[in-house]
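Novice: If you scroll down you'll find the structure; I have some questions about it.
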Amino acid sequence: MDLGFWPLAIAIGLPFVAAAGMPRLYPLVGERIGYLGAAVAAVSFGLLGTQIGTEGSVSRPWIPSLDVAVRLHADGLALLFALLASGIGILIFAYATSYMHGKPDLGRFYMALLAFMGSVLGVALAADLLLLFLFWELTSVCSFVLIGYHTEDAESQYSARMAMVITVGGGLCLLVGILFVAIAAETAGIGAFDLAAILERNDAVRVALEETGLFTPALVLLVIAAAAKSAQVPLYFWLPRAMVAPTPVSAFLHSATMVKVGVYALGRVRPLFHGTEWTSLVATLGIATMAVGALLAVLARDIKELLAYSTASHLGLMVAAFGFRSRYGAEAGVFHLLNHALFKAALFLVAGVIAHEAGTRHIDELGGLRHDLPVTAVITALATLSMAGIPPFSGFYSKEILFEATWETAQTGGGVAWLYPAAAVFASVFTVLYSLRFLWLFFGDRPDGLGSIHRAPGALVVPPAVLAGALLLVSVRPSAVIDLIVNDAARATAVGVVDIHAGIPRHVSGPVVMSVITVSAGFACFPFYTEIRGILEGVSTATARVHPTTVYRSTLGTVDRTSRLVRSRVQNGLIRTYVWWLLLSACALTAAGYASTAVGIPAPAMAETPVAVVLVLSVAVVAAIAVASAESHVTGVLTLGILGFMIAIFYILGSGADLALTQLVVETLLLLIFLLVLEEIPEFYGELKRGRALRDAALSVVVGTTAFVSVLLAAPERGADPTPTAVFYVTNAVPEGGGANVVNVILTDFRAFDTLGESIVVIIAALSVLVLLTMRDRGETQ
Amino acid sequence: MTFTLAATVGALFALGTFLVLRDDLIKVVWGLAIISQAANVYLISMGGLVAAGSDTVPILATHHAPFPEPTDPVIQALILTAIVISFGMTAFALTLSYRAYQENETINVTKWEQ
């Protein structure tokens, strides 16, 4: 079957359309509107499902002059990610309809959730760099609304803002990175923003990137963007805070969508950047996150917090996998993308069930829930064992492939590279530990304080049960799923050939030993969970000063204080201050522009200036000085008049007959108006403070110098040809406009509309003057 | 020639800026007027000022080709517009100052109630 534009476009667009209708529909339909969301997700899921096995790009022009188009691309990876987002979306909407019963603002909630789903589908399928950026930022904005669902709650506000600052900050890095890649793509002769073409000809773009020296900057920026989105060290801290959101949101954002966006982007650009730098940056980042996330998950006291840190850890696993060069890297990353989405979404939904039925999320207050929630217990067992990577559950297969990737990298790299497998095993031991701890909520002893727990309603249990069913399928028949989509997806991110084998290992090898160590050490340590947590708490307290959260808070505080300081200095309510800073910045920017283009100041030709011009202009400047130092208003106005008349004479000397006439009329009128107004206004008696006068004089000198330099730089050379525009008007004035006075013809014929606008300005000014003067006489004061 | 123009433009801009920053509202209006004049001279300098002559004025003596090469008429059209607009602006600013004085009973901008 061929790839169609409309199935993809509708799959992305429908959630947005539905989102726009939500606030209107909600008052009519009520809480059941959630099922409409599920239906929309199902339509998207179905449309995407029809595209499995296809590969290619389709596009419709958007901004042809900039080579920006609505380009959509489908391949295994894009479809896998999009199917996960929409498939889990169906379950989340169904779950939310029951879970969010009786909560306020549901119209807005579902609107944001739908728009979010559309954005994630957009990220998955976009094959245009700008389109990708657009959807990327939309996911950040929507997640801000979703995390800040409890708008009145201070903690919710703080967390939403934190998520926004980190992910949008990452988005800015993405934008710059994208522009670098676009520059290179253009150099290589490919459409600047065409991601599909860039990836197809990645060798050419890569060479162009290296030649322009943009390779490392682009790589680093894209990795920062992905790290911010996918909660990698040290930008992971927004993820656990985001758990203030309602559980369906957490389950959706933090299992399959929002946080996977970064991982997905890394997988996408992997063929373009793979190499030594890529591995040392991405794989190290991933492995570090894997370890830190696992340690923090063990420390957690809240079940959603535990899941959040565990998510960070598993994201680290995927990032690390994509970091390794070998085919195992691509395989592990993609396969775990699928497995993690399934088990983590299920576990979040289970956490929601627990919080809903038991009324607490505190780990130490929960236990022995299997009697009260038997079905949920089975689901949890499947999901946690998969998360821990215990054979034969699905998580084991992908983790085993990661072990193979680390093992291979260590064998070829030697030396320090052996830290990769070591750190992976270390992190995985803790993964087993916290997974078992989560399972223990159901199988441990029941604490005395725990009250009676109701059986969960079907609507809350069915969605996680569906996910558990999918997990079971992957665990029992991994090859079926791999053949359906995972293999294709891995091929899209891989550099060479991929061939995923998942199964229980039958020979002893390095990676197998790693798995054995992981599982046995995990089980052996579990009885000492409390002691281990105590030790970790000690470490955490000792390093509190360098925690990213602390750094974030102090940075934000500094920014806050600085901006308050700047505001009190720059925007203090006096227009004069605004003008002062505005002019200074304008001059600084102009000077920076001149400096960056490194233009030399041309030697001015002084000798040829006619004496008359020098005289007239000197008188003008002297008059201006007299205005500036005028004692009374009347002297000032008169000297201002002198300045105006001198300028009029200057126009005559500069061949501007019409200018001189106009200037003379205007000056005479202005003089009259000034004198009329001044009659009503008293003299000003204020003293000139020395400090301020000096400061203002300094700024005046800066402005004057900037203007001086600008004239020298911008004035045309002597004897330069007239501009084409000037020639056009001179030659066409008579034949086209029927007049010999070129300036008049321009004003009344060629640019008559502009002159009409100008007349309107003068009329408006006249009307305003009239209104201002008559208003007070009618008694309208203030 | 350019140097003279540049010096004039620089001096006028500097004096105008100084006046705009004063407490006396009337002086602020003067500053604006001087800055508009400076901007007009700036525009003239962009056309390349040449000594005036019968051919340099952009009013054609003959109604058929070949046409002479006068100074840039576009710039003159621009300045003409600018002169009229700045007239409107200055008149409006003055009236506004008058009204501001009526309401606040002072033309010291720092003494106004904020």
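Novice: Going by the structure shown, is A:D749 within 28 Å of B:S45 (Cβ to Cβ), outside any helix (DSSP H, G or I) and more than 7 Å from chain B (Cβ to nearest Cβ)?
Specialist: It is false that A:D749 is within 28 Å of B:S45 (Cβ to Cβ), outside any helix (DSSP H, G or I) and more than 7 Å from chain B (Cβ to nearest Cβ).
Novice: Right, A:V709: within 7 Å of chain B (Cβ to nearest Cβ), touching a Phe, Trp or Tyr at 6+ places or on another chain (Cβ under 8 Å) and on the phi < 0 side of the Ramachandran plot or not?
Specialist: Against the criterion (within 7 Å of chain B (Cβ to nearest Cβ), touching a Phe, Trp or Tyr at 6+ places or on another chain (Cβ under 8 Å) and on the phi < 0 side of the Ramachandran plot), A:V709 does not qualify.
Novice: Right, A:L640: at pLDDT 90 or above, crowded, with 20+ Cβ neighbours inside 10 Å and over 30 Å from A:G686 (Cβ atoms) or not?
Specialist: no
Novice: Within region B:24-36, can one find any residue that is among the polar types (S, T, N, Q), crowded, with 24+ Cβ neighbours inside 10 Å and out of contact with any Pro (no Cβ under 9 Å at 6 or more places or on another chain)?
Specialist: Among the residues of region B:24-36, not one is among the polar types (S, T, N, Q), crowded, with 24+ Cβ neighbours inside 10 Å and out of contact with any Pro (no Cβ under 9 Å at 6 or more places or on another chain), which makes the answer no.
Novice: Taking only pairs six or more apart or across chains, which ones have beta-carbon atoms under 7 Å, a first residue in region A:46-70 that is touching a residue at least 24 places away in the same chain (Cβ under 8 Å) and at positive phi, and a second residue that is crowded, with 17+ Cβ neighbours inside 10 Å and in a loop (DSSP other than H, G, I, E, B)?
Specialist: Listed pairs, sorted by first residue: A:G56/A:L3; A:D67/A:G191; A:D67/A:A192; A:D67/A:F193.
Novice: Of all residues in region A:72-108 being charged (D, E, K, R) and touching a residue at least 60 places away in the same chain (Cβ under 8 Å), which is nearest to A:W62 (Cα to Cα)?
Specialist: So the residue we want is A:D75.
Novice: Would you check if there is a residue in region A:570-590 being over 29 Å from the mean Cα position of the chain (by Cα), loosely packed, with under 10 Cβ neighbours inside 10 Å and on the phi < 0 side of the Ramachandran plot?
Specialist: There is no residue in region A:570-590 that is over 29 Å from the mean Cα position of the chain (by Cα), loosely packed, with under 10 Cβ neighbours inside 10 Å and on the phi < 0 side of the Ramachandran plot.
Novice: Against the definition (away from chain B (no Cβ under 12 Å), free of Cβ contacts under 8 Å to residues at least 60 places away in the same chain and at negative phi), how does A:R545 come out, yes or no?
Specialist: Yes; evaluated as a whole, the condition is true for this residue.
Novice: Out of A:T518, A:T549, A:T530, A:T541, I need the residue that is in a helix (DSSP H, G or I) and modelled with pLDDT of 90 or more. Which one?
Specialist: None of the other options fit; the residue is A:T518.
Novice: Looking at A:G170, A:G177, A:G191, can you tell me which residue is outside any helix (DSSP H, G or I), at negative phi and touching a residue at least 12 places away in the same chain (Cβ under 8 Å)?
Specialist: Criteria check complete, one pass: A:G191.
Novice: Then there's this: Restricting attention to region B:17-37, which residues are more than 7 Å from chain A (Cβ to nearest Cβ) and of a type in the set (G, A, S)?
Specialist: B:G31, B:S36
Novice: Next question. Return the only residue of B:F13, B:F3 being modelled with pLDDT of 95 or more and either within 7 Å of chain A (Cβ to nearest Cβ) or under 15 Å from A:V622 (Cα atoms) (or both).
Specialist: Checking each option against the conditions leaves just B:F13.
Novice: Among A:L661, A:L688, A:L671, which is more than 7 Å from chain B (Cβ to nearest Cβ) and in contact with a helix residue (DSSP H, G or I) (Cβ under 7 Å, 6 or more places away or on another chain)?
Specialist: Of A:L661, A:L688, A:L671, the one residue that is more than 7 Å from chain B (Cβ to nearest Cβ) and in contact with a helix residue (DSSP H, G or I) (Cβ under 7 Å, 6 or more places away or on another chain) is A:L671.
Novice: Something else now. Test of understanding: among A:V666, A:V613, which residue is crowded, with 19+ Cβ neighbours inside 10 Å, facing another protein chain (nearest Cβ under 7 Å), farther than 18 Å from B:L32 by Cβ and β-branched (V, I, T)?
Specialist: A:V613
Novice: Being closer than 15 Å to A:F674 by Cα and either out of contact with any helix residue (DSSP H, G or I) (no Cβ under 6 Å at 6 or more places or on another chain) or within 7 Å of another protein chain (Cβ to nearest Cβ) (or both) is the filter here, so list the residues in region B:84-96 that pass it.
Specialist: Residues satisfying the conditions are B:F87, B:G88, B:M89, B:T90, B:A91, B:F92, B:L94, B:T95, B:L96.
Novice: Right, next: Only one of these conditions is not met by B:I107: (1) farther than 16 Å from A:P682 by Cβ; (2) facing chain A (nearest Cβ under 7 Å); (3) buried (at least 20 other Cβ atoms within 10 Å of the Cβ). Which number is it?
Specialist: (1)
Novice: Name the helices (runs of 4 or more DSSP H) wholly within region A:371-489 that hold at least 1 residues that are at pLDDT 90 or above and touching a helix residue (DSSP H, G or I) at 6+ places or on another chain (Cβ under 8 Å)?
Specialist: Fully inside region A:371-489 and qualifying: A:374-388, A:394-413, A:419-443, A:458-476.
Novice: While we're here: Name the single residue, out of those in region A:563-602 being aliphatic (A, V, I, L, M) and within 12 Å of another protein chain (Cβ to nearest Cβ), that is farthest from A:L699 (Cα to Cα).
Specialist: Out of the qualifying residues, it is A:I601.
Novice: Tell me whether region A:731-746 contains one or more residues that are in a helix (DSSP H, G or I), facing chain B (nearest Cβ under 7 Å) and closer than 18 Å to B:I85 by Cβ.
Specialist: yes
Novice: Turning to a different aspect of this structure: Counting just the residues of region B:38-49 that are at the interface with chain A (Cβ under 7 Å from one of its Cβ atoms) and more than 15 Å from the chain's Cα centre (by Cα), which one comes out farthest from A:L617 (Cα to Cα)?
Specialist: B:G48
The values are calculated or read from the model by the stated rules, or taken from the named source; none is laboratory data. This structure is a prediction, so every number in the text was calculated from the model and none was measured. Please note: Cβ atoms are built from the backbone with ideal geometry, for glycine as well, and neighbour counts cover all protein chains shown.
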